[in-house]
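K.L.:
Just passing along the structure, written as structure tokens.
The values are calculated or read from the model by the stated rules, or taken from the named source; none is laboratory data. Everything numeric in this text was worked out from a predicted model, so none of it was measured. Glycine gets a Cβ as well: all are built from the backbone with ideal geometry, and neighbour counts include every protein chain shown.
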Amino acid sequence: MGLASRQRTKTYLEWAAVRMPYASKEDTLKNGVFVKSCCRTLSDGTIQLFVGVYSAEGKPIVEDYTDDVQNMTFEQALDWGLDRGRSVGNGQKSE
């Protein structure tokens, strides 16, 4: 499913409003749920993590971001976000 096909919430729009480069990892689960983890380093050195989980139809299940990555490195936070998204996504029934 293309990125333009996903519905977005206010949370995503707040995340996207900060125009800074980021790295991302994504996965499509067996039940069709799409998971995306995004990480970026803000100008003050803070690591910010965004996690999005979307149904096979592109509807948001969870969109969340945080500046509190519990002393994880950039790569650890990115991986943790993907794992968290998978955990949420795997709990969804396929339609």
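K.L.:
Within segment 40-50, identify whether any single residue is surrounded by 19 or more Cβ atoms within 10 Å (Cβ to Cβ), among the β-branched types (V, I, T) and under 11 Å from G81 (Cβ atoms), and answer yes or no.
P.N.:
Yes - at least one qualifying residue is present in segment 40-50.
K.L.:
Please find, among K36, K59, the residue that is crowded, with 18+ Cβ neighbours inside 10 Å, of a type in the set (K, R) and modelled with pLDDT of 90 or more.
P.N.:
K36
K.L.:
Quick check, is Q76 surrounded by fewer than 19 Cβ atoms within 10 Å (Cβ to Cβ) and modelled with pLDDT of 95 or more?
P.N.:
yes
K.L.:
Further question: Can you pull out every residue in segment 50-95 that is assigned to a strand (DSSP E or B) and of a type in the set (V, I, T)?
P.N.:
Scanning segment 50-95 gives V51, V53, I61, V62, T66.
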